[in-house]
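The values are calculated or read from the model by the stated rules, or taken from the named source; none is laboratory data. Everything numeric here is computed off the predicted structure, so don't read it as measured data. Every residue, glycine among them, receives a Cβ derived from its backbone with ideal geometry; neighbour counts consider all protein chains shown.
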């Protein structure tokens, strides 16, 4: 246990002594409601930390229905007061100044934000809030009214998990086994079959890094897996296969770092971006170890392509797809196409062009529709190349008809690409990629 957590735990112990003097605790199903009221009004640090610890325990004991009721409580009883907002806004409009500005800011902020901050005082507060948001995200599809609660919790997490708090560590066989086990469990892009797969990904021509937060001991936030290659890779199966020592690239010949898997380990941190910091930190570590590296690129999945294509086939395909193209796309309705050389060759031109169109033109609120594209383009990458049959696994075929994309991080252009993308929505792409649409 870190000194920080030891200190927090000692405060909680002192607070529990105070709690023992309080009247009998409420019934289990009412406990979290009353504890939250106590926590939101508690002034002392020891008592507040102790109550926060009780809230954590009470939340962990809730059923799915109990969690739904808890989030409804946060929505209805811990939201901002519209009357106070309007009154404060009027006072600021008539008399703009420091005091009226503070009053308006206080009125706008939902009381649940302060409650979340106080829950975070508990020794396991941060981990519980991450779990809380994971549970909340699962409820949003069926209850959109809870999105206001998520907005406030996400707002706080963006502050708590900014680049200043994260630490980067290289993962190797010297890393404790319980963290290595989490790497196997959390791998979200290319599933590992066990320790043999992990051994390959930690070989001499591979590197793996993890980001940690001081409030989450031994609990990684993100894993980044890197292959050291000669040139930009086009096929993930080759990257993942067992190392052949006769064909292994000598360290002196490495000139490219391929980011082939970036896995977010905490579902409760979905939408919290670590990207720019993450990529830059890993690049710096790699360049320190291998000064000869000249290229930094990804070998990335395109998880939304087939889903978009299926909807486009039902509604309206892009104008460049003619009747012959529509007929060829009908081959996708049979799972057998992936093992038929004739089908593979016939589909390649139309699918590659459609995939390029999808990445470049299909949007969601002015951002690329594909989530992986949003991540890398938002961090200054360029779309470099599409790779036909880059991932022939069942998952790769299901997501993107086996197509993978290389996003290139050209270090001198990263900031310019990032600014152009964020401010003007411009996507940087290579001449090779653009040819697919001509």
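Out of curiosity, is residue 261 in contact with a strand residue (DSSP E or B) (Cβ under 9 Å, 6 or more places away or on another chain), in the same structural domain as residue 240 (by TED's automatic domain parsing), under 30 Å from residue 171 (Cα atoms) and not in a helix (DSSP H, G or I)?
On the way: in contact with a strand residue (DSSP E or B) (Cβ under 9 Å, 6 or more places away or on another chain): yes; in the same structural domain as residue 240 (by TED's automatic domain parsing): yes; under 30 Å from residue 171 (Cα atoms): yes; not in a helix (DSSP H, G or I): yes.
Yes; evaluated as a whole, the condition is true for this residue.
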(request) Run residue 226 past the list (1) surrounded by fewer than 14 Cβ atoms within 10 Å (Cβ to Cβ); (2) under 22 Å from residue 288 (Cβ atoms); (3) touching a residue at least 12 places away in the same chain (Cβ under 8 Å) and report the number of the one that doesn't hold. (result) (1)
(request) Scan segment 420-432 and report the pairs whose first residue is assigned by TED's automatic domain parsing to the domain that holds residue 353 and whose second residue is loosely packed, with under 14 Cβ neighbours inside 10 Å and outside any helix (DSSP H, G or I), with Cβ atoms within less than 6 Å and a gap of 6+ or a chain change. (result) 420/426; 425/366
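Which residue, of 138, 127, is exposed (fewer than 15 other Cβ atoms within 10 Å of the Cβ) and in a helix (DSSP H, G or I)?
Working: 127 fails: exposed (fewer than 15 other Cβ atoms within 10 Å of the Cβ).
Exactly one of 138, 127 is exposed (fewer than 15 other Cβ atoms within 10 Å of the Cβ) and in a helix (DSSP H, G or I), namely 138.
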(request) List the number of the failed condition for residue 412; all other conditions in (1) more than 24 Å from the chain's Cα centre (by Cα); (2) closer than 18 Å to residue 309 by Cβ; (3) part of a loop (DSSP other than H, G, I, E, B) hold. (result) (2)
(request) Hand me the list of helices (runs of 4 or more DSSP H) wholly inside segment 1-88 holding 2 or more residues that are at pLDDT 90 or above and buried (at least 16 other Cβ atoms within 10 Å of the Cβ). (result) 28-41, 45-60, 64-77
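Residue-by-condition table, conditions (1) surrounded by 22 or more Cβ atoms within 10 Å (Cβ to Cβ); (2) under 23 Å from the mean Cα position of the chain (by Cα); (3) more than 30 Å from residue 193 (Cα to Cα); (4) touching a residue at least 40 places away in the same chain (Cβ under 8 Å):
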position	(1), (2), (3), (4)
360	no, yes, yes, yes
366	no, yes, yes, yes
370	yes, yes, no, yes
374	no, yes, no, no
391	yes, yes, no, yes
(request) Output yes when any residue across segment 342-361 is in a loop (DSSP other than H, G, I, E, B) and over 15 Å from residue 388 (Cβ atoms), and no when none is. (result) no
(message) When you scan segment 96-105, do you find a residue that is at pLDDT 95 or above and crowded, with 16+ Cβ neighbours inside 10 Å, even just one?
(response) no
(message) Being assigned to a strand (DSSP E or B) and either at pLDDT below 95 or not assigned by TED's automatic domain parsing to the domain that holds residue 224 (or both): is that true of residue 383 here?
(response) yes
(request) Could you check how many residues of segment 283-328 are in a loop (DSSP other than H, G, I, E, B), closer than 24 Å to residue 370 by Cα and touching a strand residue (DSSP E or B) at 6+ places or on another chain (Cβ under 7 Å)? (result) 3
(message) Could you tell me how many of the residues in segment 174-190 are without any contact (Cβ under 8 Å) to a residue 40 or more places away in the chain and within 19 Å of the chain's Cα centre (by Cα)?
(response) 2
